[in-house]
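Participant: One structure, pasted below without further comment.
The values are calculated or read from the model by the stated rules, or taken from the named source; none is laboratory data. These numbers come from a predicted model, not from an experiment. What goes into the accessible areas is simple: the full protein's heavy atoms, side chains included, and nothing from ligands, DNA or RNA. Shrake-Rupley method; radii C 1.70, N 1.55, O 1.52, S 1.80 Å.
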Amino acid sequence: APSERTLFRKLRRFLGNVPFAEDLIAGYYCAVDRNTPAYVRGVLLGAVAYFVLPADMIPDFLAGLGFTDDASVLAAALAAVGGHRLTR
């Protein structure tokens, strides 16, 4: 799983270019919450890991296009787990 430190390091480096940063951070904190179902945690951690990993389908340094694949992966992950609700 990606660490909080690694996530925020990359966000700081590309802060002005990541319009979905708030969703990414929310997904990360939901994924590390032990009350989140395992399936949801796995999907969200996968999306966050895709953002953090240096190997990418579209390199992040490309202006205008670099984060489109990251945004797509995060959007797909959120759509996949959006119907899940926490029960306490």
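Participant: Could you please state how large a percent of the accessible area of the stretch 1-59 is carbon and sulfur, counting protein chains only and using a 1.4 Å probe?
Facilitator: Values: 2130 of 3610 Å².
Roughly 59 percent, rounded to a whole number.
Participant: Using only the heavy atoms of the protein chains and a 1.4 Å probe, how would Ser3, Ser72 rank by accessible area, largest first?
Facilitator: Details: Ser3 50, Ser72 75 Å².
The most accessible residue leads, giving Ser72, Ser3.
Participant: From largest accessible area down, sort Val48, Val32; use a 1.4 Å probe on the protein chains. Let's see the in-between values first.
Facilitator: Details: Val48 0, Val32 65 Å².
From most exposed to least exposed: Val32, Val48.
Participant: Further question on the same structure: Which percent of Cα pairs goes in each bin when the distances of the stretch 1-59 are cut into 5 angstrom slices starting at zero?
Facilitator: 4, 19, 30, 26, 14, 6, 2
Participant: Using the Karplus curve 6.51 cos²θ - 1.76 cosθ + 1.60 with θ = phi - 60°, work out ³J(HN,Hα) for each residue of the stretch 41-50 in order, rounded to whole Hz, and write x for Gly and Pro.
Facilitator: Those phi angles translate into 4, x, 5, 5, 5, x, 5, 5, 4, 4 Hz.
Participant: If you don't mind, there's one more thing I want to ask. Tell me, what ³J(HN,Hα) does each residue in the stretch 23-34 have, in order and in whole Hz, if you take phi through Karplus 6.51 cos²θ - 1.76 cosθ + 1.60 with θ = phi - 60° and put x for Gly and Pro?
Facilitator: 5, 5, 5, 4, x, 4, 5, 5, 5, 8, 6, 5
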